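Novice: Below: one structure in structure tokens.
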Amino acid sequence: MTSRTVTVTDNTTGKRIEMPVREGTHGPPVVEIKDLYKEFGYFTYDAGFTSTASCRSDITFIDGENGILLYRGYPIEQLAEHSSFLEVSYLLLHGELPTREELDAFNQAVTEHTMINESLKEFFDGFHYDAHPMAMLTGVVASLSAFYHDAINLGDPGNRMLTCHRVLAKMPTIAAAAYKHMMGEPFVYPLNRLYHTENLLNMLFSRPTEPYEINPIHARALDQLLILHADHEQNASAATVRLTSSTGTNPFASIASGCAALWGPAHGGANEAVLNMLHEIGDVSQVPRYLEKAKDKDDPFRLMGFGHRVYKNFDPRAKVMKQSADEVLELLGVENNPTLQVAKELEKQALADPYFTDKKLFPNVDFYSGIILEAMGFPTAMFTPIFAVSRTIGWISQWKEMITDPQLKIGRPRQLYQGVTLRDYTDIETR
Ligand code: ACO
């Protein structure tokens, strides 16, 4: 705590109070307002949390003005180039990069939990064939809470770490099972000799009828995509996981609430929405018409995969992802895919249009991740589940940080009530 303060004056009563300013290690200082109500009788109002820190955290830092994203202090660009998803998972969870021995032990600890209970597998049969995989994922992840009663003593560090390993290990298996159900194909069990991301590819795309060879280009591009999406500070889904977890609820139920929040098209559902939009545009000749629609205030259409609440210059993940998308498209030789041609043309024309550049609306990570996943042959409905597989480590790391914070309080926002004031009940015959 510093001695820096902000003075707030109530111009009606003349009352003044000093509010302490807390300094983080990076980012804007934060005015601590918890005494405002006690002193002034006022709440604060900040719809959408545009100026409000909802918690303190040591995990991920974003500087939206300068396009900086750090996991535990390490720039995302360096991690994407040199690290692996499991190493990044260790970093997010434990705070430091692992030694070789620590990484091997972590890999082993996570890999042990890749299977899901056979009864849980049966849950998929209850879903209709055309259920969205995010609906299945969210439901089945919530159902994990009915299975692992042995390790839900949240006060026990061993229980907490076991839960983290379980969530991280089972999410790819559940996502792949949702995909197989959607495709009407038999589930593929995890193969623990494979690395995490290769295992995911194998569970998704191998079939009992023929051998499946993991394409190393796919494996590396997917691993990088998982690294880039692994955590992102207090986004809607992480904030949801924190709010849910603040009640002390079952951690699997909390992670399911994160899945539900992620699904929306303004958040993790954007990558699917990008491809749906590209399919709707259909042809490069239609790009100008859709750009006009996006600019028209009377038209609800927005360019999916453009803009970001925090990044107002560029999204550093999108920079890495664009390079990866260009490489993947070239290596896979899919330049003639009409959807991807529309994507390239849309990017080119939007970046040359002052409406988008003046409003700082640049392609975000989901624009390019959608393109990569499309090029790799993922059906669009699977884009958000893949995002969830990645973001799970961010959610569970923030969960672990939060429940061990001595300042933990149940999250309980207040409101600006604008409804009808007190009135008396009237009998139905007299209304
Ligand atoms: N297309 C067209 N116009 C847009 C877009 C867009 N994608 N995004 C913002 N704008 C315009 C708004 O109409 C608004 O214009 P105005 O100032 O003239 O009224 C201005 O830009 C600011 O937009 P806001 O909605 O206020 O910005 P906010 O920060 O609240 O929203 C968001 C950010 C939700 C990401 C928004 O840009 C959007 O809807 N983008 C498309 C969905 C998307 O790609 N989401 C993924 C985010 S990344 C992730 O979750 C990993």
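Novice: Once you sort the root eigenvalues of the Cα gyration tensor of region 208-254 as a ≥ b ≥ c, which label holds: rounded (a/c under 1.5), prolate (a/b larger than b/c) or oblate (the other case)?
Specialist: Oblate.
Novice: Shifting gears a bit: For a test of the definition: using alpha carbon positions, the gyration tensor, and the 1.5 limit on a/c, classify region 307-431 as rounded, prolate or oblate.
Specialist: The shape class here is prolate.
Novice: Could you give the nm distance between label points at VAL8 and ARG22, where each point is 7 Å from its Cα heading toward the beta carbon?
Specialist: So the two model labels end up 1.5 nm from each other.
Novice: Continuing with the same structure: Taking region 251-361 on its own, what percent of its Cα-Cα pair distances exceed 23 Å?
Specialist: 35 percent
Novice: Accessible area of the chain with a 1.4 Å probe: how many percent of it is carbon plus sulfur?
Specialist: The C+S portion of the solvent-accessible surface of the chain is 52 percent.
Novice: Let me ask something else about it. Using the beta-carbon distance between GLN415 and THR209 and R0 = 45 Å, what value does 1/(1 + (r/R0)^6) give for FRET efficiency, to the nearest 0.05?
Specialist: It comes out at approximately 0.20.
Novice: Turning to a different aspect of this structure: Can you pull out the trypsin sites (Lys or Arg not before Pro) in region 336-429 whose DSSP state is coil and whose Cβ has at most 13 other Cβ atoms within 10 Å?
Specialist: LYS359, LYS409, ARG414, ARG423
Novice: Select from region 292-354 those GluC sites (Glu not before Pro) which occupy a DSSP coil region and have at most 16 other Cβ atoms within 10 Å, ordered by residue number.
Specialist: Qualifying residues, ordered by number: GLU335.
Novice: Additional query: Computed over the Cα atoms of region 152-275, what is the convex hull's projected area averaged over all directions, in nm²?
Specialist: Convex hull of Cα atoms, orientation-averaged projection: 9.3 nm².
Novice: With the cut-off at 1.5 for a/c, could you classify region 290-330 from its C-alpha gyration tensor as rounded, prolate or oblate?
Specialist: It comes out oblate by the Cα gyration axes.
Novice: Taking region 167-227 as the region of interest, what is the percent of Cα-Cα pairs per 5 angstrom bin, listed from the shortest bin to the one with the maximum distance?
Specialist: 4, 19, 29, 27, 17, 4, 0
Novice: Could you point to the residue in TYR37, ILE152, ALA352 farthest towards the positive end of the chain's charge dipole, with +1 and -1 charges on the Cβ of Lys/Arg and Asp/Glu respectively?
Specialist: Selected residue: TYR37.
Novice: Per DSSP H run of n ≥ 4, the term is -39500 (n - 2.57); total these for the chain, divide by its residue number, and report the mean residue ellipticity at 222 nm rounded to 500 deg cm²/dmol.
Specialist: The per-residue figure over the chain is -15000 deg cm²/dmol.
Novice: By how many nm would the segment from ASP63 to ASP296 lengthen if fully extended, with 0.36 nm per residue of separation less the alpha-carbon distance?
Specialist: 80.9 nm
Novice: Then there is this: ALA105 to ILE152: FRET efficiency via 1/(1 + (r/R0)^6), r the Cβ-Cβ distance, R0 25 Å, to the nearest 0.05?
Specialist: Computed FRET efficiency for ALA105 and ILE152: 0.60.
Novice: Moving on to the next point. Relative contact order of region 57-177, please, whole-number percent, based on alpha carbon pairs below 8 angstrom and at least 6 residues apart.
Specialist: Averaging sequence separation for qualifying contacts and normalising by length gives 21 percent for region 57-177.
Novice: Further, regarding this structure: Separation of region 102-142 and region 311-380 by C-alpha centroid, Å?
Specialist: Distance between centres, Cα-based: 30 Å.
Novice: Considering only protein heavy atoms, what per residue accessible area in square angstrom results for the chain with a 1.4 angstrom probe?
Specialist: Accessible area per residue, the chain: 51 Å².
Novice: Another one. When only DSSP loop residues count, what GluC sites (Glu not before Pro) in region 190-285 have their Cβ near at most 11 other Cβ atoms within 10 Å?
Specialist: GLU213
Novice: Could you check how many percent of all C-alpha pairs in region 194-334 are farther apart than 24 Å?
Specialist: 50 percent
Novice: Let me ask something additional. Which three lengths, in whole Å and largest first, does the chain cover when its Cα atoms are put on their principal axes?
Specialist: Computed over the Cα atoms, the extents are 78, 64, 58 Å.
Novice: Between TYR129 and ARG289, what FRET efficiency comes out of the Förster formula 1/(1 + (r/R0)^6) with R0 = 30 Å and r the beta carbon distance, rounded to 0.05?
Specialist: The pair ARG289/TYR129 has a calculated efficiency of 0.30.
Novice: Please report, to two decimal places, log10 I(q)/I(0) for region 1-110 at q = 0.11 Å⁻¹ as given by the Debye formula with identical point scatterers on the Cα atoms and no solvent.
Specialist: Listed by q, the Debye log ratios stand at -0.56.
The values are calculated or read from the model by the stated rules, or taken from the named source; none is laboratory data. All values derive from a computational prediction rather than experimental measurement. A quick note on method: Cβ atoms are made from the backbone with ideal geometry, for glycine too, and the neighbour counts reach across all protein chains shown. Side chains are part of the model used for accessible areas, which takes the heavy atoms of the whole protein and leaves out ligands, DNA and RNA. Shrake-Rupley method; radii C 1.70, N 1.55, O 1.52, S 1.80 Å.
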